[in-house]
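Coordinate-derived values only; no laboratory data. These numbers come from a predicted model, not from an experiment. Here Cβ is always computed from backbone atoms with ideal geometry, including for glycine, and neighbour counts include all displayed protein chains.
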Amino acid sequence: MDENLNLDQHTSQKYNQELETVRAEVLAMGGLVEGQCRKALKALVKGRAELAEEVASSDYKVNEMEVSINAKCTDILALRQPAASDLRVVVAIIRMAADLERIGDEAEKIGRLAQTLAEGRNGSSYRSDPKHLGKSVLDILNGALDAFARLDVEAAIETAAMDPDIDAEFESLTRLLITRMMEKPASVKNLLRVNWCARSLERIGDHAVNICEEVIFLVKGSDVRHLSLKEIQDRFLQPTA
């Protein structure tokens, strides 16, 4: 199936509105999650214990939005019995909401670790190490959400292509932190906490890639979750002259 998406194709205006409402709710959830990630990174790098605690204690908002989205999708499935592109919309939205909820979980983890680092001793010299990685992760998350907002397959593929660099940066940072652990055994606990934060950031990047893949599925009807990036690019990107 390679059928372009059209959310305004129904004779029932109420049906159109239901699909748009649930899509808008996912975008709102994405905005909330992105904000949580930004706060978590800032709390970590700046040593803001109060901001870290705010992020760690706010994950319930993300969970509530996922429950609401799933309930709306369940109603659409039960009452509208969607087929073809409409079914793709519902399936993609359910999966995107799950990825966003998991991103929220990772932001919560960073918040809790950042709070411990900010309140403890000897954490200040290491907590800024993931700053650049965090910026790259925020960029890929923003790009994924923007591609979904615009239903832009090309933008989704270009955004997903950022992930290998994020993985490489995470591996490089892990090696650096391990070296520091060997040099300063007394700081191992804090260095492990920083590495756990970096791992959460890397996972956020992976979930952002999943969202990009759902954009492709939603618009084009092709499940690309098990294809390589090159296979996706070859299939959906026009060759440059």
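A few notes on this one:
- Degrees, to the nearest 10: 188-220 long Cα axis against longest axis of the chain: 10 degrees
- Here's the list of lysines a cross-link from residue 42 could span, going by alpha-carbon distance under 24 Å and ignoring same-chain residues fewer than 8 apart: 61, 109, 131, 135, 189.
- Proximal aspartates and glutamates to residue 72, defined as alpha-carbon separation beneath 20 angstrom and excluding residues fewer than eight positions away on the same chain: 8, 18, 20, 25, 64, 86, 99, 101, 214
- Cα shape, the stretch 17-149, gyration tensor, a/c 1.5 rule: prolate
- For residue 226 and residue 79, the FRET efficiency from 1/(1 + (r/R0)^6), where r spans their Cβ atoms and R0 equals 30 Å, is about 0.40.
- Phi to ³J(HN,Hα) by Karplus 6.51 cos²θ - 1.76 cosθ + 1.60 over the stretch 91-105, Hz, x for Gly, Pro: 4, 5, 5, 4, 5, 5, 4, 5, 5, 5, 4, 5, 4, x, 4
- Taking the helices alone, the chain has a mean residue ellipticity at 222 nm of -27500 deg cm²/dmol, built from -39,500 (n - 2.57) per DSSP H run of at least 4 residues and averaged over all its residues.
- Highest-MSF residue in the chain out of 29, 65, 182 [GNM, Cα springs under 10 Å]: 182
- In terms of packing, defined here as the mean over residues of other Cβ atoms within 10 angstrom, the peptides 134-142, 109-117, 157-165, 68-76 line up highest first as 109-117, 134-142, 157-165, 68-76.
- Relative to the Cα centre, the charge distribution of the stretch 13-236, modelled as +1 at Lys and Arg Cβ and -1 at Asp and Glu Cβ, gives a dipole magnitude of about 760 debye.
- For the pair residue 135 and residue 149 in one chain, pulling the backbone fully straight at 0.36 nm per residue adds 2.9 nm over the alpha carbon distance.
- Positive-end ranking of 196, 73, 168 along the dipole of the chain, with charges on Cβ about the Cα centre, is headed by 196.
- Using θ = phi - 60° in the Karplus curve 6.51 cos²θ - 1.76 cosθ + 1.60, the 3J(HN,Hα) couplings for the stretch 156-172 round to 4, 5, 4, 5, 4, 5, 6, 5, x, 5, 5, 4, 5, 5, 4, 4, 5 Hz; x is entered for Gly and Pro.
- Note, ³J(HN,Hα) from phi for the stretch 52-69, Karplus 6.51, -1.76, 1.60, rounded to Hz, x at Gly and Pro: 4, 5, 4, 5, 5, 9, 10, 4, 4, 5, 5, 4, 5, 5, 5, 4, 5, 5
- Within the stretch 19-61, backbone nitrogen closer than 14 Å to the virtual label 7 Å beyond the Cα of residue 68 toward Cβ: 21-33, 60-61
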